[in-house]
Amino acid sequence: MNSLIHCLKTLINSLLIFLFVALFTSCKESLLPFNTTSDQNPNEPKQGIRGKIIYKEGTFDSKGNLLTNGTAIGVSRKIYFYELTGLREVDLDDGIFVSNIYSEIIDSTKSDKNGYYSEALKPGMYSVFIEENDRLYSTLNDDGLFMPVRVYPDSVSRLNVYIDYKANYIE
């Protein structure tokens, strides 16, 4: 009888250990109390660019905070990556939009419904253009280049894009 009790205790302990291991290995990673992988999104490239496309409409202060009725939300848009492009390589449409680009298109992607995007790109300098109502939108920096971004080797650059041609900024 004593050996039967010992066998049952051993069997129960083994069964508990088996159930614990089975439960632990079958849990979704996000339910575990610690992260077993790196912080990198599996869809994010190891080298390239990522960010968010944000549509802004309304009146904002100089820091970008919404002051009156309006919106600032992530949106789904087609995103084009061109070789570094300046004013001399485009035709403007209404002064805000670009109708023709004479530099080489390198790649394109689309942001998700919340505005997030990522794209694998080789190291170098690029200009970013967003398709907005069948036209291309971008902003110029002080050097006359359209939304420039640099991709470094083995790195992912971050660029949030603000589509703000319907936004007003006040001091």
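The values are calculated or read from the model by the stated rules, or taken from the named source; none is laboratory data. The model shown is predicted, which means the values in this text are computed figures rather than measured ones. In this analysis, Cβ positions are derived from the backbone assuming ideal geometry, glycine residues included, and neighbour counts consider all displayed protein chains.
Every residue, every condition in (1) of a type in the set (Gly, Ala, Ser); (2) closer than 15 Å to Ile79 by Cβ; (3) surrounded by 12 or more Cβ atoms within 10 Å (Cβ to Cβ); (4) free of Cβ contacts under 8 Å to residues at least 12 places away in the same chain, yes or no:
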{"position": "Val90", "(1), (2), (3), (4)": "no, no, yes, no"}
{"position": "Gly95", "(1), (2), (3), (4)": "yes, no, no, yes"}
{"position": "Val98", "(1), (2), (3), (4)": "no, yes, yes, no"}
{"position": "Ser103", "(1), (2), (3), (4)": "yes, no, yes, no"}
{"position": "Glu131", "(1), (2), (3), (4)": "no, yes, yes, no"}
{"position": "Ser155", "(1), (2), (3), (4)": "yes, no, yes, no"}
{"position": "Tyr162", "(1), (2), (3), (4)": "no, yes, yes, no"}
Checklist line | Filter result for Ile79 (closer than 16 Å to Arg158 by Cα, touching an Asp or Glu at 6+ places or on another chain (Cβ under 8 Å), hydrophobic (A, V, I, L, M, F, W, C) and surrounded by 14 or more Cβ atoms within 10 Å (Cβ to Cβ)) | finding: yes
Check: Which residues, taken from the range 133-153, are surrounded by fewer than 14 Cβ atoms within 10 Å (Cβ to Cβ) and either within 18 Å of the chain's Cα centre (by Cα) or among the small types (Gly, Ala, Ser) (or both)?
Finding: Gly144, Arg150, Tyr152
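Counting only residues that are among the polar types (S, T, N, Q) and in contact (Cβ under 8 Å) with a residue 24 or more places away in the chain, how many does the range 63-88 have?
Here is the first cut: in the range 63-88, the residues among the polar types (S, T, N, Q) are 65, 68-69, 71, 76, 85.
Cutting the leftovers down to in contact (Cβ under 8 Å) with a residue 24 or more places away in the chain gives us 76, 85.
Final tally of qualifying residues: 2.
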Next item on the list: Tell me which residues, restricted to the range 28-49, are surrounded by 11 or more Cβ atoms within 10 Å (Cβ to Cβ) and either modelled with pLDDT under 85 or farther than 26 Å from Tyr169 by Cβ (or both).
Entry: Asn41, Glu44, Pro45, Gln47, Gly48
